[in-house]
Every structure is written in C-alpha cells, then in structure tokens.
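These notes concern the structure reproduced below.
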Amino acid sequence: MSTTPTFLQPAARAAGYRPSPVRDFWEVSMQPGVISLAGGNPDLTVLPLAELGSAASRIVTERGMEALQYGSGTGTQGARDAVVRVMAAEGIPVDADSVQITAGSQMALELVIKLLCDPGDVILAEGPTYVGALGVFAGLQVDVEHVAMDQDGLRPDALEEAIARLRSQGRTVKALYTIPNFHNPTGITLSAERRPQVVDVCRRAGVPIIEDNPYGLLSFDGEVQQSMQQLDPENVIYLGSFSKIVAPGLRVGWAVAPEPLRRPLQLASEATTICASVLSQALIEEYVLGHDWQAALTTARGLYRGRATAVREALEEHMPAGTRWSTPRGGFFTWLDLPEGVSCHTVLDAAIDAKVVFVPGTAFYDGPDFGVGAPGLSQLRLAFSLEDEDTLREGVKRLGGAIAGR
C-alpha cells in the first residue's frame with residue numbers, strides 16, 4: 001500500500017479548505033427529473049446575448065492587442081468606470097481611483113482577509129453566513145465568531161457583546177464580515193434603523209466592516225438600501241460583483257477600500273493573478289457603459305420577484321406545521337427553520353429520493369456538520385433564482401412531503 005511521501009504533506013492550513021456543498025449537489029441536480037433549489041445562479045436569459053456576442057467579437061477584432069494582453073493590476077480604466085456607474089445606480093458615489101478590480105468578489109474577500117488577519121485572529125460574521133466566506137476564513141486559519149440575526153438582520157447588541165466578550169478573552173477581533181442586503185443564505189435585509197447602529201458599534205470598537213453586496217441591485221421593488229460604506233467610508237471595505245447582475249462566467253468583481261488599504265490591495269492582487277481578465281473587463285465596460293444594462297436588470301428583478309412569490313405561496317400550501325421561513329424582498333434565497341426535532345440531513349436524504357435538492361443549514365455555520373448541537377441542523381436554504389415558477393412550486397411540494405415524512 002502506497003503512502004504519501006513526507007515532503008508532499010500539505011501545510012496545516014490545507015485542512016481548512018472544504019468542498020462547497022453547492023458544488024457537492026451539482027451532479028445530483030443534473031440527474032433527470034431532479035429539481036435543484038440549491039445553487040444561487042442568476043438567470044442569464046435576461047441578457048442581450050446577441051449584443052454581447054457582437055461586442056465580444058468587436059473587442060477582439062478592434063482591441064485585441066489590448067484585450068488579450070496583460071493589464072493593469074488595479075483593473076482597466078473602463079472596468080473601473082463601469083463600477084462607478086453601477087455603484088451610482090445604488091446611490092453610492094465613488095471615484096474610479098478607489099476601485100480595485102478582482103477576478104470575482106470571492107478573490108476580493110480573500111485578499112482583504114490576507115491583508116487584515118493573522119492565523120488565530122477572529123472575524124465576526126452573521127450566523128448563518130455565506131459558505132464561500134467560511135471557506136476563505138478556514139483556509140487562511142482565521143477563527144469565526146457568529147453574531148445573532150433576527151428578522152431585521154444582524155443584531156447590534158449581539159455584535160457589541162461579542163466584541164467585548166472576545167476581547168476579555170484576549171482574542172484579536174479583526175473585522176466584521178456582513179451581507180446586509182438580501183443576505184446569503186437567509187434572504188434577510190438589515191433594517192435601515194440598524195445600519196448606522198452597526199457602523200457605530202464597529203467604529204467605536206475599532207473594528208473594520210467588510211460589506212459584501214452582490215445582491216444590492218436585485219430588490220424586487222427596485223428600492224436601494226443605504227450602504228454602510230456611505231455611512232463610514234474610512235472604516236468600511238466594500239465588495240461588489242458583476243456575477244449576479246451580469247454574468248458569473250466573466251469573473252469580474254471589485255473592492256472599494258479606505259485609502260491605507262488601496263496600495264496593499266493592488267500589490268496582493270498582482271501577486272495572486274497579476275491582473276483580472278482584460279477581455280472580461282472590456283466586455284463589462286462595453287455592456288455597462290454602452291448598453292442599457294439596467295433594462296436587463298429590471299427584467300431580472302421581475303423574474304426573481306415572481307419566483308420568490310411562487311416559493312412563498314408553495315411553502316404556505318405544502319409545509320408541515322412548525323416550519324418557518326424568511327420572506328426576502330430581493331436576492332436569490334429563502335431560509336427555512338424546520339419543525340422541532342427534524343434534521344436537515346435526514347430531510348435531504350428523503351428530498352433526494354423525491355428528486356429535489358437544497359443546501360443544508362449546517363453548511364452556513366462554522367462548526368460541526370453533524371451531531372446534536374450542530375449549528376444549522378434544523379435549517380436549510382432554498383434558492384429560487386434559476387428555476388421557473390411552476391418548477392419551483394413542484395420542488396417545494398416535494399420538499400414539503402420530504403419534511404412531513406421525517
């Protein structure tokens with residue numbers, strides 16, 4: 001029996017990386033007849049694909065010597081101008097010089113954590129939180145402390161208590177990571193009243209805020225929320241992405257950071273990828289600056305609103321007593337609390353048999369996935385962004401039967 005040579009043993013940090021539960025269900029969701037309520041994929045049918053195809057052809061033909069070459073470590077001027085345009089649509093004024101382009105906002109988050117945290121430092125995050133962020137934190141050997149949420153989002157009192165408790169234990173709290181708009185995985189939006197309270201707690205405690213906002217322009221009614229970056233630009237690092245509002249395959253995201261972090265972000269980005277895809281940036285530039293990108297976004301909002309409504313109505317009809325769920329006002333997700341004593345993993349087995357899949361709640365907490373007391377064991381996430389309304393209704397019906405049978 002062969003053994004791994006000692007010199008090929010991975011570093012300790014490698015044990016922190018874990019497979020994405022969304023990716024784990026990919027093969028299952030591809031099986032005939034299976035309805036996937038797992039992945040938060042945008043609906044790309046809203047895009048003017050013919051126009052984008054023509055733009056891509058024109059970029060290669062007319063700008064190929066630039067678009068197929070290495071580019072600036074901060075991002076192209078056109079892509080940064082596109083970011084300024086997108087953030088302005090959300091009521092957030094920024095200058096292009098403050099924008100750092102990255103290969104998706106996941107990369108931006110990893111760069112920020114690398115710059116802020118040493119192994120053993122603590123990041124505060126909503127409980128539950130984005131599974132991709134948990135992967136970054138674990139891989140960089142950063143500890144996670146979850147902060148309680150309710151129907152109005154992150155609780156400022158719980159945040160203040162967590163900071164005080166951790167510091168009394170001699171722990172180093174480096175930042176708050178938060179998704180205030182249409183939170184992944186719960187779909188909850190931080191209330192207008194709490195936003196300045198959260199900012200104030202972090203400012204007084206000297207804790208930077210990492211504001212992750214991929215869904216902010218996807219409110220069902222078109223209303224935009226006040227950004228924490230607007231409230232305290234000197235203490236908030238803002239992360240944005242074109243993945244949900246244009247296309248994830250382009251892999252273009254960005255960070256807007258306080259001035260002291262901008263040069264380190266650029267250097268860290270260059271050390272990681274040299275530069276984000278110049279071709280993808282050029283296509284973003286063409287689309288945002290040269291087309292009516294907000295028209296596609298308006299269409300997308302309507303689709304997601306209808307799908308969220310279909311899921312809510314199906315939940316009301318098919319969920320057994322004791323099941324509770326969030327009512328999102330935008331974004332891609334609904335969060336379920338299962339009846340007392342029901343495990344999401346047991347439900348998942350029954351759901352797969354019924355040909356429907358979701359992501360178990362344990363995936364969104366730092367901690368054990370199984371066993372008594374595992375966080376998220378009685379919760380699960382449903383994604384409604386990709387399937388049509390009739391398919392979603394059928395998927396929720398199947399899920400209700402799986403829950404009732406447990």
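The values are calculated or read from the model by the stated rules, or taken from the named source; none is laboratory data. These numbers come from a predicted model, not from an experiment. With ideal geometry, Cβ positions are generated from the backbone for all residues, glycine too; neighbour counts draw on all protein chains shown. Only protein heavy atoms, including side chains, enter the accessible area calculation; ligands, DNA and RNA are left aside. Shrake-Rupley method; radii C 1.70, N 1.55, O 1.52, S 1.80 Å.
Summary table below
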quantity: Under 16 Å from the Cα of Lys244 - lysines, other chains or at least 8 residues apart; calculated: none
quantity: Amide hydrogen neighbours beyond the local backbone of Val356, cut-off 5 Å, H modeled; calculated: Ile35
quantity: The chain - percent of accessible surface contributed by carbon and sulfur, probe 1.4 Å; calculated: 51 percent
quantity: Part-to-part distance (alpha-carbon centres) for the stretch 350-406 and the stretch 35-62, which is given in Å; calculated: 29 Å
quantity: Segments 125-134, 236-245 sorted - mean Cβ within 10 Å per residue, highest first; calculated: 236-245, 125-134
quantity: Cβ-placed point charges (K, R +1; D, E -1), dipole of the chain about Cα centre in debye, nearest 20; calculated: 500 debye
quantity: Solvent-accessible area per residue, Å², over the chain with all protein chains present [probe radius 1.4 Å]; calculated: 43 Å²
quantity: Whether the stretch 1-128 is rounded, prolate or oblate, judged on the alpha carbon gyration tensor where a/c under 1.5 counts as rounded; calculated: prolate
quantity: Under 5 Å, built H, 5+ apart or other chain: amide partners of Gly104; calculated: Val252, Gly253
quantity: Cα gyration tensor shape for the stretch 222-377, rounded if a/c is under 1.5, else prolate or oblate; calculated: prolate
quantity: Lysines with Cα under 19 Å of Lys397, excluding same-chain neighbours fewer than 8 positions away; calculated: Lys355
quantity: Global form of the chain, assessed from the alpha-carbon gyration tensor, a/c cut-off 1.5; calculated: rounded
